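As structure tokens, the structure follows; a few thoughts come after it.
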Amino acid sequence: MGPIRLVVVSAALLAATVALPGSPAALSLPKYERYIAIDGACAWPRLTVLPGGELSAVIWPYPNHGFVQGAAECWNSTDDGRTWQRVGVPVPNATGTNRMNAAAGTLADGTYVVLLSGWPRPYLPPWRGTLADEAKLGDAFKDLRTLPPVPAVSRDHGHTWTQFPALDVPRQSTGHSLTPYGRIAPLRGGGLGVMLYGDDVWFYASADGGHTWQPRGRVTADRAHNETTWIELENGDLLAAARGGTNSCVDAYRSTDGGATWTAEGPLTLNGQHPADLTRLPDGRILLSFGVRTPGLWGVAVRFGDRTGRNWSSPLVLVDFEDSSDHPREADPRRDGGYPSTVVAADGTLVTAYYCRGVPAHYRYHMGVVRWKPVAP
């Protein structure tokens, strides 16, 4: 596929609640390839670059929002994201449960680390219902509570895994356990970091390669944020991007003491634009990738930040989901998609994975992939 035009979208356009206006300004990307990478999966992909340049994605492999028993799977790509093969299961689910909520990353020595939580679930796959059917299950599941996260590590690129005891995390006011999200990554001062959310968002650290985890600091204290990712900046600051549960935008938080304390820095996106991923680019910039669920525009957008994560470009639409539905002819089609994750391939190409309920060329749930290169600063 040849170069494609990347739409430059103003804040007003991304906030629109009506049909999009005429053609906005556009830029040409040096590279843009788009793939239906894994078919039939709701996915919520979490990408990781493994030693030697192999890419790996931890995904939910079923076309539903975790309403069945099952376990997240590890799928790898040896051709920079063009094709993918299932290689392993980090945390097998016990009967009557699933393992679907993942954080993932690598140690400095390349050891692959995941944290996986999930839910009690009575149903076996396949799930034949629609999003409307899923919505009706609220009462059936109202007394079920999330399972504590289980750590697992792999030293053979995700093919085989060793699991460790579930984290001893405090139950939340709702009775749920804490849920992992986003990246697992080394910290400059040693050890690993990860985000867990419940009533609030917490930064946890591991000093033993991901086998055990302890709380280091509370990121939010408003009971209004959930799915949160983070990145360590060149100056040692930690930058987090947290999904707001009330305003539904992504808010920035910063720590200057290794994750012990955090300060809010304001929104990075508008309402209905979440959750996010943070990636350091080869030129030093920080990429924010985020889902867009604005009426009139469903897809994935990006913003470019400087090395400090304080100054950001206007948003650009990377993927337009168009209909974004597997029932496009319904009067009120149920749209779904987003959750982008971006890594840098060996040749500098960016690989962004996301999930989508359906596009005009492919009316099924799938993990989509875009291989692209941004314009110069």
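Laid out as a table, the results:
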{"quantity": "Least to most buried among Cys356, Cys42 (fewest other Cβ within 10 Å first)", "calculated": "Cys42, Cys356"}
{"quantity": "5 angstrom amide H check on Ala43, placed H, neighbours 5+ away", "calculated": "Trp60, Tyr62"}
{"quantity": "Under 26 Å from Lys31, Cα to Cα: lysines that are on another chain or at least 8 residues apart", "calculated": "Lys373"}
{"quantity": "In sequence order, calculated HN-Hα J values of the range 203-218 (Karplus, 6.51, -1.76, 1.60; Hz; x Gly/Pro)", "calculated": "9, 10, 10, 10, 9, 10, x, x, 6, 10, 9, 10, x, 10, x, 8"}
{"quantity": "For the chain, calculated [θ]222 nm from helices alone, where every DSSP H run of n ≥ 4 adds -39500 (n - 2.57)", "calculated": "-500 deg cm²/dmol"}
{"quantity": "Residues Tyr32, Tyr112, sorted so that the one with the fewest Cβ neighbours within 10 Å comes first", "calculated": "Tyr32, Tyr112"}
{"quantity": "With at most 16 neighbouring Cβ atoms within 10 Å, loop GluC sites (Glu not before Pro) (DSSP) excluded, longest segment of the chain", "calculated": "1-233"}
{"quantity": "For the range 142-168 versus the range 272-286, the gap between their alpha-carbon centres in whole angstrom", "calculated": "26"}
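Read-outs throughout are calculated quantities, based only on the coordinates presented, and are distinct from any laboratory measurement. Since we're looking at a predicted model, the values are computed, not measured. A quick note on method: Cβ atoms are made from the backbone with ideal geometry, for glycine too, and the neighbour counts reach across all protein chains shown.
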